[in-house]
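The values are calculated or read from the model by the stated rules, or taken from the named source; none is laboratory data. Fair warning: this is a prediction, and the values are worked out from it, not measured in the lab. Note that we place each Cβ from the backbone using ideal geometry, even for glycine, and neighbour counts take in every protein chain shown. Heads up: the accessible areas ignore ligands, DNA and RNA and are worked out on the full protein's heavy atoms, side chains in. Shrake-Rupley method; radii C 1.70, N 1.55, O 1.52, S 1.80 Å.
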Amino acid sequence: MTETTIHKGLAGVLVDTTSISKVNPETNSLLYRGYPVQELAARCSFEEVAYLLWNGELPSAEELAEFTRGERSQRALTPELKAVIDALPATCHPMDVCRTAASVLGAEHPKAEDPSRLANMEKSVSLFAAMPAVVAYDQRRRRGEELVEPREDLGYAANFLWMTFGEEAAPEVVEAFNVSMILYAEHSFNASTFTARVITSTLSDLHSAVTGAIGALKGPLHGGANEAVMHTFEEITASSQDDDVAAHAAAWLDTALADKKKIMGFGHRVYKNGDSRVPTMKASLDKMVKHYDRPDLGELYTALESAMAERKNILPNLDYPAGPAYHLMGFDTATFTPLFVAARITGWTAHIMEQLEANALIRPLSEYNGPDERHLG
Ligand SMILES: CC(=O)SCCNC(=O)CCNC(=O)[C@H](O)C(C)(C)COP(=O)(O)OP(=O)(O)OC[C@H]1O[C@@H](n2cnc3c(N)ncnc32)[C@H](O)[C@@H]1OP(=O)(O)O
Ligand SMILES: O=C([O-])CC(=O)C(=O)O
């Protein structure tokens, strides 16, 4: 009998090369096209980072101006897409709205079936430009508010906040939001990106791959964790009868661990000594805690993080600081993962184009463990 090794969850399996990003758990670092993500978050707009992920280099001033013009001109929802969103129940998950919108944008796109790099770049930019309007409008309609049209005089982050809240956000809020978009943009062969690559490997179209990726991101073991973090915080707060936050967080955690629950926002398949993006996002969260004068949220964050480190030695991932930061900015909890979608469209589409440049159908093997061969009566 030959020995077989099952790589459950493909853990530790190298499946292809990529030049888009490098996740290095040894040095706790993340590079986008060679640049440390912390440097990009400190110095670049999300538009520049999107351009970098797609083209391999940061844009010159002229290239950025042209890219920005194209992006700003495609921000508005078409009446058809708005009508589809309006037809969806306000009780459905906002990720269902994103998934449906990606599909509609594909059906609407004149070059939907054109697999050339040029057409795929155009489709990527139009998805990047339109998804903020989808996410912003969906949150507004759930609150019974009217659509807010995009503004071409605002950058991506400022306009996203404008369309969501109908007022201009403070510069420090725009900056923290821009940082979160950059940190969420790309992370090599994570589950949703791999989903996009699997779909692309069959030579299906870009919008189908993005639609599938959105489905993969929705799960709480992946993008859905940022939303779940906020539910954890709410549960701990609801169970607190006095000011001893540390004791309440520890007690909540002990019960959850005794019930064999996974604590959302902690742990990572690749990083085992901490997620490279957390310090940068935590610094943005700290700024939001100060800006909105909510030290209680900062205390709760630290209390649960410390209790988890003490008991399990498991550290936070990006979703842990991102969730409460989005809460403070005013987003509904269910909108958090759609924000991740808006950011990750850049990484997904960069990977779709990379997959097509050197495609091989992704089709692994499985070991059969069902009944031995048998025959009908
Ligand atoms: C942006 C992102 O998508 S980052 C990921 C967001 N997801 C989450 O935050 C969900 C919570 N975290 C998890 O479920 C996991 O850490 C994952 C799915 C992210 C990674 O999981 P894997 O690499 O498969 O690790 P695995 O689940 O095997 O965990 C290894 C051990 O650590 C434990 N562990 C890992 N993460 C956690 C957690 N968050 N809470 C409690 N225990 C955990 C596991 O129970 C397991 O313990 P065991 O060996 O005693 O059974
Ligand atoms: O890399 C992963 O498995 C998950 C993750 O952090 C991401 O997609 O940003």
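Across the range 251-258, computed HN-Hα scalar couplings (Karplus, 6.51 cos²θ - 1.76 cosθ + 1.60, θ = phi - 60°) run 5, 4, 5, 4, 5, 4, 5, 5 Hz from first to last residue, x flagging Gly and Pro.
Would you calculate the convex hull of the Cα atoms in the range 1-156 and tell me its volume per residue in Å³?
Convex hull volume per residue, Cα atoms: 207 Å³.
Just flag the GluC sites (Glu not before Pro) in the range 32-81 sitting in loop per DSSP whose Cβ has no more than 13 other Cβ atoms within 10 Å. Each step should come with its number before you reach the end.
Numbers: sites: GLU39, GLU47, GLU48, GLU57, GLU62, GLU63, GLU66, GLU71, GLU80; in loops: GLU57.
When the GluC sites (Glu not before Pro) of the range 32-81 are filtered for loop state and at most 13 Cβ neighbours within 10 Å, GLU57 remain.
All distinct Cα pairs of the range 84-150 go into the 1/r average, and the inverse of that average, the Kirkwood radius, is 12.9 Å.
Pairs of Cα atoms in the range 168-318 fall into 5 Å distance bins, from 0 up to the last occupied one, in shares of 2, 8, 15, 19, 18, 15, 12, 6, 4, 2, 0, 0 percent.
Sorting check: for 163-176, 190-203, which peptide has the highest mean count of neighbouring beta carbons within 10 Å, and how do the rest follow?
Details: 163-176: 17.6, 190-203: 20.7.
Ranked by mean Cβ neighbours within 10 Å, highest first: 190-203, 163-176.
The GNM of the chain, with springs linking C-alpha atoms under 10 angstrom apart, assigns the highest mean-square fluctuation among TYR32, TYR292, TYR137 to TYR292. More than 18 angstrom separation, counting every C-alpha pair in the range 19-88; what % is that? Taking all Cα-Cα pairs of the range 19-88, the fraction more than 18 Å apart is 53 percent. Accessible area per residue for the chain is 48 Å², calculated with a 1.4 Å probe on protein heavy atoms, without ligands, DNA or RNA.
Comparing PRO295, PRO59, PRO338 in a Gaussian network model of the chain where C-alpha atoms under 10 Å apart are linked, the largest mean-square fluctuation is found at PRO295.
If you average over every viewing direction, what projected area does the convex hull of the Cα atoms of the range 101-237 give, in nm²? Mind showing how you got there, number by number?
On the way: hull surface 40.8 nm².
Answer in nm², one decimal: 10.2.
Size descriptors for the range 248-377, from the alpha-carbon set: Rg then Dmax equal 20.9, 74 Å.
At 1.567 mPa s and 4 °C, plugging the Kirkwood radius over alpha-carbon pairs of the chain into Stokes-Einstein gives what diffusion coefficient in µm²/s?
Values: Rh = 21.7 Å.
D, rounded to a whole number, is 60 µm²/s.
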